Amino acid sequence: PVRMTTSNRQAVPTLADEYQGLSGYYSSVADYLNCARMGFGPDTVADCKTPYDSTQYFGQQSGSTTLEPITAKVWSYGFVWAPISKLSVSVDYLHWNISNEVNIENADTLSRTEYLCDIGTFDMSSPTCQNAFDKITRGTATVPGLLGQIQQIHTPKVNVSNEQVNALTAEFNYVQDIGRLGQLAFKTSYSDVLKHVRQDYPGDPQLDLLRSPYNSQDFKTKVNASLTWSLDKWTATAYANRYGRTPNYLAYANDNYTAKGTGKLGAWTLYNASVTFNPVKNLGLSLLVNNVFNKMPPLDRSNPGTTGTPYFTSNYNAYGRAMYLEANYKCGGAQ
């Protein structure tokens, strides 16, 4: 059968997004613009002269009463094919069109944006460049050819003008009886982001996030698969999750894949396993192991050491292997 869904949604910003009062903090940020003018690019910013390598600044955060409602238009088309009862295949094409998403301005991103505007990657007259220079307050310039030191950065909550995503997902399921040995169930799914564009401010050109490593380090593709064996009161599952390639630090810092040292990190595959025993109908006793082979994130040798971790923490973690014992009891008539 063919399936289709469409919806229009709207959500107002939270009270905190709108009315959070002005709060201050102290932090430090690399002054990418001044470091680049002294000959230190994003890959060598750690060698930049003090205080530009890590400039202490006073930051201010706040909500904004000018935030607009977040709106989204979502639709999907797909089909399911099940030629026999134990086999099914499904494919879906999904589309999201989101306007006025709420994000917090990021100090490091604002500093990098100044640098990218200064070298001409971004149009200096664009709203993105104007916003970055407006949000960063500098002192009086004392060194010829350099701007003054960063003193203050304002990082309020803002609306992202527009974001669009098109993606393809596919799923395959198969169940096989193996007689007295029980039953095997195999499942695999695949997702691929085909289009991801964003416009940060009205008047800006659309950013192609699939080709802009500075603006997006998300995985383009993901694949997972599981094999489950069940027999009477026992169930065991082996699970694999493969995350696709992502840009390395230098690709992110330079916003391209052409500068020296830029590239992509390899795919990251994690394996989990679990065994469950049901001594009575509503009680399950389980042993679970996440990251069975203790796989660490792919090493990013282009990272200059200016961050606490040599990988993007939104994508990867270094938790390693973890084991859990779990008892799950379903009360009442739950099955």
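Quick check on the range 4-18: of everything there that is in a loop (DSSP other than H, G, I, E, B) and farther than 30 Å from D92 by Cα, which residue is least open to solvent (accessible area, probe 1.4 Å)? Among those residues, the one meeting the criterion is P13. The residue pairs whose first member lies in the range 146-157 and is open to solvent by less than 10 Å² (accessible area, probe 1.4 Å), whose second member is among the β-branched types (V, I, T) and assigned to a loop (DSSP other than H, G, I, E, B), and whose beta carbons are closer than 8 Å, counting only pairs six or more residues apart or on different chains, are G148/T140; G148/T142.
Taking the conditions exactly as written (acidic (D, E) and loosely packed, with under 15 Cβ neighbours inside 10 Å), does D92 satisfy them or not? So D92 does not fit the description; no. Of the strands (runs of 3 or more DSSP E) that lie entirely inside the range 19-101, those containing 1 or more residues that are within 30 Å of D192 (Cα to Cα) and small (G, A, S) span 70-84. When the range 106-124 is filtered for residues that are open to solvent by less than 60 Å² (accessible area, probe 1.4 Å) and either in contact (Cβ under 8 Å) with a residue 24 or more places away in the chain or within 12 Å of A36 (Cβ to Cβ) (or both), the ones remaining, listed by number, are A107, D108, L110, S111, R112, E114, Y115, L116, C117, D118, G120. The residues of the range 201-216 that are in contact (Cβ under 8 Å) with a residue 60 or more places away in the chain and open to solvent by 30 Å² or more (accessible area, probe 1.4 Å), listed by number, are Y201, P202, G203, P205. Of the residues making up the range 164-173, just one is open to solvent by less than 30 Å² (accessible area, probe 1.4 Å) and out of contact with any His (no Cβ under 6 Å at 6 or more places or on another chain), namely A167. Just one of (1) surrounded by 12 or more Cβ atoms within 10 Å (Cβ to Cβ); (2) within 29 Å of S126 (Cα to Cα) fails for S76. It is (2).
Checking the stated criteria, Y201 turns out not to satisfy the condition of being assigned to a strand (DSSP E or B) and within 23 Å of Q164 (Cα to Cα).
The values are calculated or read from the model by the stated rules, or taken from the named source; none is laboratory data. Computed from a predicted model, the values in this text were never measured in an experiment. FYI the Cβ positions are ideal-geometry reconstructions off the backbone, even for glycines, and counts take in every protein chain you see. Surface accessibility is based on the protein's heavy atoms, side chains included, excluding ligands, DNA and RNA. Shrake-Rupley method; radii C 1.70, N 1.55, O 1.52, S 1.80 Å.
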